[in-house]
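Scroll down for the structure; my scribbles are underneath it.
The values are calculated or read from the model by the stated rules, or taken from the named source; none is laboratory data. Because the structure is a prediction, the values reported are computed rather than measured. Please note: Cβ atoms are built from the backbone with ideal geometry, for glycine as well, and neighbour counts cover all protein chains shown.
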Amino acid sequence: MYEGENFEEAVENLLFDLNSLASGSVDSTLDQNGDDPRSITIHVEEPEGPDYYIEGKEGDRFFYIKCYYNLVIDIANTLGRDQIRDKREASSYQYSDNDLFIYLPSEVTLVDEQTEEIWNKDGQSKNGEESTDEPDDDTELEDVKVWRKRIAAALDIVNGVSDKEEQEIIFNLVDIFSNVPVKFRVNSAANGGLTGLEVRERIFPYEESFNIKSLDESIVRTRIPANMGMLFFQYIYDVNIRQDEDGTIAENPAERPNFPN
């Protein structure tokens, strides 16, 4: 078991090295629930390529370096209003609040600590009854309404891919990751559609041989295949975010021919 000062020292050393290696911001969150072992999540936001996380739990001999790719948000960011309307009108899928909320982007979640409460007040409450309460911030409620529709339409798209096409996508991802020393997992929605990717590698910060060089090598080994997997998903689903001159998402971005009808 690696507890107490060992865990704190490992986290401190990781943060020190990451601040030297990272080109972007480094943020950390330390969690502890009651008598449970403490856990750390370090988020490194890079200006180019995928962000990555370092996650560890007190008592474990290793930490994880992880990269995540969220295909649903990538697709949602490209959809114009007409496309959202058309996808929703043609869809036979129904989604619960929980199905949608897990994809809510962090920039929307961080608008206010009560976002989840506001989400549940928009339309129906958690028990399925109509909600008569309204949040104080109309702008925030509008953000959540827009994202509800965007995420639902994006899920319509990933759920509309046939089983055969999904098998081909997974086969190609296996081929991409077959020659790299990392683990990967393809994530899926409740209805079975592919929703993204997780890539991870173990690091051992308690070992005497562990240093900033071995940390950097592990980060590179994780981020490069994660970037390849992300680019493959973006190619297959033809994800290219088109923005207007003022930086906002275009109302009707160009149709993406690789998407299922």
Give just the number: which of (1) modelled with pLDDT under 95; (2) farther than 23 Å from residue 147 by Cβ; (3) aliphatic (A, V, I, L, M); (4) not in a strand (DSSP E or B) does residue 18 not satisfy? (1)
Can you find a residue in segment 63-77 that is under 21 Å from residue 217 (Cα atoms), outside the structural domain of residue 149 (by TED's automatic domain parsing) and surrounded by fewer than 16 Cβ atoms within 10 Å (Cβ to Cβ)? no
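From the residues in segment 37-73 that are touching a strand residue (DSSP E or B) at 6+ places or on another chain (Cβ under 8 Å) and among the basic types (Lys, Arg), which one is farthest from residue 196 (Cα to Cα)?
Initial filter on segment 37-73 (touching a strand residue (DSSP E or B) at 6+ places or on another chain (Cβ under 8 Å)): 37-46, 50-58, 62-72.
Imposing the further condition that a residue be among the basic types (Lys, Arg) reduces the set to 38, 57, 66.
Numbers: 38: 28, 57: 25, 66: 13 Å.
Among those that are touching a strand residue (DSSP E or B) at 6+ places or on another chain (Cβ under 8 Å) and among the basic types (Lys, Arg), it is 38.
Search segment 79-89 for residues being touching a residue at least 40 places away in the same chain (Cβ under 8 Å) and not in a loop (DSSP other than H, G, I, E, B), and hand back the single one that is surrounded by the fewest Cβ atoms within 10 Å (Cβ to Cβ).
First pass over segment 79-89, keeping only residues touching a residue at least 40 places away in the same chain (Cβ under 8 Å): 79-84, 87-88.
Next, from what is left, pick out any that are not in a loop (DSSP other than H, G, I, E, B): 81-84, 87-88.
Numbers: 81: 14, 82: 11, 83: 19, 84: 19, 87: 21, 88: 13.
Here the answer is 82.
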Answer yes or no: is there a residue in segment 143-159 that is touching a Lys or Arg at 6+ places or on another chain (Cβ under 8 Å) and modelled with pLDDT under 90. yes
If you take the residues of segment 93-110 that are surrounded by 15 or more Cβ atoms within 10 Å (Cβ to Cβ) and part of a loop (DSSP other than H, G, I, E, B), which of them is modelled with the lowest pLDDT? 105
